[in-house]
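The values are calculated or read from the model by the stated rules, or taken from the named source; none is laboratory data. A quick note: this is a predicted structure, and the numbers were derived from the prediction, not measured. No Cβ is skipped: glycine too gets one built from the backbone with ideal geometry, and neighbour counts run over all protein chains shown.
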Amino acid sequence: MKIRGILFDLDGTLIDTIDLIIQAFEHSFAVCLNKKMPRAELVKYFGLPLRSAMENYVDKNQVETLCAVYREFNLKYHDELIKPFPGVKETLSVLQQRGIKMAVVTSKKVPMAKR
């Protein structure tokens with residue numbers, strides 16, 4: 001079977017966003033709840049949409065505030081804290097040269113995904 005196209009997830013597949021996500025969660029809990037969360041607790045809900053992840057930690061009436069603080073931090077530090085995984089650029093170049101169609105899927109909002 002010939003591969004004609006590949007869908008890539010953005011966060012955690014093409015780009016390493018672990019530091020950004022951890023720091024954004026830590027900042028959010030410190031600012032909103034005056035609470036330090038252990039890293040093991042923070043990574044339990046990685047991969048879920050932000051709102052769904054936050055609902056595991058706080059009452060529904062606190063979710064919006066927690067998400068807003070998270071997004072503010074994420075927006076401010078996004079570009080300095082993310083990096084491509086080693087070999088990603090080279091791999092994508094090879095796939096392109098072989099004529100394989102590629103697309104990126106993500107739960108990020110479009111402006112952040114494009115950055």
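Here are some notes:
Residues checked against (1) surrounded by 13 or more Cβ atoms within 10 Å (Cβ to Cβ); (2) more than 13 Å from the chain's Cα centre (by Cα):
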site	(1), (2)
Met1	no, yes
Thr13	yes, no
Leu20	yes, no
Asn56	no, yes
Glu72	yes, yes
Lys76	no, yes
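- Scanning the stretch 85-93 finds no residues that are at pLDDT 90 or above and in contact with a helix residue (DSSP H, G or I) (Cβ under 8 Å, 6 or more places away or on another chain).
- Once the stretch 36-54 is narrowed to residues that are assigned to a loop (DSSP other than H, G, I, E, B) and not hydrophobic (A, V, I, L, M, F, W, C), the residue that is farthest from the chain's Cα centre (by Cα) is Lys36.
- Selection of the stretch 92-107 for residues being β-branched (Val, Ile, Thr) and either outside any loop (DSSP other than H, G, I, E, B) or outside the structural domain of Leu7 (by TED's automatic domain parsing) (or both) yields Val94, Val104, Val105.
- Screening Leu33, Leu75, Leu20 for residues that are touching a helix residue (DSSP H, G or I) at 6+ places or on another chain (Cβ under 7 Å), aliphatic (A, V, I, L, M) and touching a residue at least 24 places away in the same chain (Cβ under 8 Å) leaves exactly one candidate, Leu20.
- Ala30 being modelled with pLDDT under 95, of a type in the set (A, V, I, L, M) and farther than 28 Å from Ile6 by Cβ: no
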